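Novice: Here it is, the structure, as structure tokens.
Every number here is computed from the coordinates shown, using simple stated rules; none is lab data. Bear in mind that the values here come from a model prediction, so they are computed numbers and not experimental data. Reconstructed Cβ throughout: ideal geometry from the backbone, glycine too, with neighbour counts over all protein chains shown.
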Amino acid sequence: MDIMDYCKKEWRGHTQKATCMRKGYEEVSQKFTSIRRVRGDNYCALRATLFQAMSQLAELPRWLQDPELTLLPEKLISKYSWIKQWKLGLQFDGNSEDLAVRITASLALLRKKWAGLAEMRTCEARQRACDELFTNEEEEYSLYEAVKFLMLNRAIELYDDKERGKEVPFFSVLLFARDTSNDPGQLLRNHLNQVGHTGGLEQVEMFLLAYAVQHTIQVYRLSKYNTEEFITIYPTEPPPDWPAVTLLTEDDRHYNVPVRVCEETSL
């Protein structure tokens with residue numbers, strides 16, 4: 001819906017917060033005409049990011065073309081037995097005994113769906129296909145399992161690099177400085193396992209999401225209007241060849257998608 005119509009509907013009062021939100025929306029409306037409301041469960045950061053990334057006209061990302069991608073679950077689970085503590089998403093029945101099989105299937109589905117979208121030559125066709133994909137709950141939630149596993153894989157790589165004394169992005173130092181995620185095992189148990197169940201992504205985990213899908217995530221944080229954090233970019237200095245997606249949040253928990261006639265694919 002029209003972005004300022006949405007703003008007027010949501011923020012009618014005269015409180016300091018409502019004034020801040022309206023000014024933030026006015027700033028965003030200089031570049032974006034509409035807002036796509038994203039379903040507000042604990043997957044919304046993954047949903048908004050993945051929907052944006054998959055609906056853009058672009059080639060299939062190189063990391064998805066890697067033939068080793070679907071071998072990753074078995075390889076990691078055999079090396080790190082604690083991954084068997086993985087908590088499958090809400091749409092998955094049963095236990096995690098066949099975890100490697102389930103996540104391999106999720107990664108294969110992500111590749112298949114993204115490849116199909118990449119072959120579509122018009123924005124309209126991709127938009128329709130994405131709308132259909134993201135209303136098919138079984139497939140949609142399977143995609144989130146794949147992305148969460150890619151986040152865990154990247155976290156393991158960053159943690160191992162840091163342990164070996166290699167230079168790592170600063171966010172990964174913060175990621176493992178938390179009492180609840182001293183290592184990838186704790187990150188899995190206390191954070192990734194909660195996504196979709198009892199919590200969404202924290203700020204530092206937005207960096208991890210960006211690294212997992214190799215997309216720059218630009219976020220308009222409306223509560224930070226008139227500060228340096230109003231537009232936050234994950235990662236801070238993205239590789240120049242990464243495509244970009246743009247999100248909008250009022251509270252750093254729920255994310256919507258700002259839309260304009262010509263979608264932004266780079267910053």
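Novice: Taking the Cα centre of the chain as origin, sum charge times position over the Cβ atoms of Lys and Arg (+1) and Asp and Glu (-1), and report the length of that vector in debye to the nearest 20.
Specialist: On the way: 34 positive and 40 negative charges, 89 e Å.
Dipole about the Cα centre, nearest 20: 420 debye.
Novice: Based on Cβ point charges of +1 for Lys and Arg and -1 for Asp and Glu, what charge dipole magnitude is obtained for region 112-151 about its Cα centre, in debye rounded to the nearest 20? Write down the numbers at each step before the final one.
Specialist: On the way: 6 positive and 9 negative charges, 55 e Å.
The calculated dipole for region 112-151 is roughly 260 debye.
Novice: Further question on the same structure: Mind scanning Lys112/Lys148; Lys87/Lys148; Lys87/Lys113; Lys23/Lys224 and naming the pairs with a C-alpha gap bigger than 19 Å? Could you put the intermediate results ahead of the total?
Specialist: Values: Lys112/Lys148 17 Å; Lys87/Lys148 11 Å; Lys87/Lys113 24 Å; Lys23/Lys224 11 Å.
Lys87/Lys113, as the Cα separations exceed 19 Å there.
Novice: Let me ask something else. In a shell of Cβ-Cβ distance under 14 Å around Ser223, excluding Ser223 itself, what net charge do Lys and Arg (+1) and Asp and Glu (-1) give?
Specialist: -1
Novice: List His254, His191 from most exposed to least, where exposure is judged by having the fewest other Cβ atoms within 10 Å.
Specialist: Numbers: His254 18, His191 23.
Fewest-to-most Cβ neighbours within 10 Å comes out as His254, His191.
Novice: If a paramagnetic tag sat 7 Å from the Cα of Leu57 along the Cα-Cβ line, which residues of region 106-144 would have the backbone N under 17 Å from that point?
Specialist: Of the residues in region 106-144, 116-130 have backbone N under 17 Å from the label point off Leu57.
Novice: What are the equivalent ellipsoid semi-axes of region 172-233, built from the alpha-carbon gyration tensor (square roots of five times its eigenvalues), in whole angstrom, biggest first? Mind dumping the intermediate values first?
Specialist: Working: eigenvalues 107, 32, 31 Å².
Equivalent ellipsoid of region 172-233: 23, 13, 12 Å, largest first.
Novice: Under the Karplus relation 6.51 cos²θ - 1.76 cosθ + 1.60, θ = phi - 60°, what is the ordered set of whole-Hz ³J(HN,Hα) values for region 16-23, x standing for Gly and Pro?
Specialist: Karplus-based 3J(HN,Hα) across region 16-23 equals 4, 5, 4, 5, 4, 5, 4, 5 Hz.
Novice: How much mean residue ellipticity at 222 nm does the chain get from its helices, if each DSSP H run of length 4 or more adds -39500 (n - 2.57) and you divide by all residues, to the nearest 500 deg cm²/dmol? Kindly include the intermediate steps, with their values, before the conclusion.
Specialist: Working: 11 runs with 127 residues, N = 267.
One gets -14500 deg cm²/dmol as the mean residue ellipticity at 222 nm.
Novice: Per residue, how much space in cubic angstrom lies within the convex hull of the C-alpha atoms of region 128-231? Spell out each step's value before the answer.
Specialist: Details: hull volume 14.3 nm³, N = 104.
Convex hull volume per residue, Cα atoms: 138 Å³.
Novice: Can I ask one more? With unit charges on the beta carbon (Lys/Arg positive, Asp/Glu negative), name the residue among Met4, Leu57, Thr15 whose Cα is farthest towards the positive pole of the charge dipole of region 1-101.
Specialist: Result: Thr15.
Novice: Using 0.36 nm per residue of separation minus the Cα-Cα distance, give me the extension gain between Asp66 and Arg39 in nm, one decimal. Don't jump to the answer; show the numbers that get you there.
Specialist: Details: separation 27, 0.36 × 27 = 9.72 nm, distance 3.12 nm.
6.6 nm is the gain from fully extending Asp66 to Arg39.
Novice: Kirkwood Rh over alpha-carbon pairs of region 1-88, then Stokes-Einstein at 4 °C and 1.567 mPa s: what D in µm² s⁻¹, rounded to an integer? Provide the component values of the computation, followed by the final result.
Specialist: Working: Rh = 17.2 Å.
Answer, rounded: 75 µm²/s.
Novice: Kindly provide the Kirkwood hydrodynamic radius of the chain in Å, to one decimal, from all pairs of distinct alpha carbon atoms.
Specialist: On the way: mean 1/r = 0.0517 Å⁻¹.
Computed over the chain, the radius equals 19.3 Å.
Novice: Moving on. Cut-off is 10 Å between beta-carbons; in what order do Asp2, Asp241 appear when sorted fewest neighbours first?
Specialist: Details: Asp2 12, Asp241 8.
Ranking Asp2, Asp241 by Cβ neighbours within 10 Å, fewest first, gives Asp241, Asp2.
Novice: Could you line up Cys7, Cys123 from fewest to most neighbouring Cβ atoms inside 10 Å? Don't jump to the answer; show the numbers that get you there.
Specialist: On the way: Cys7 21, Cys123 14.
Ascending number of Cβ neighbours within 10 Å: Cys123, Cys7.
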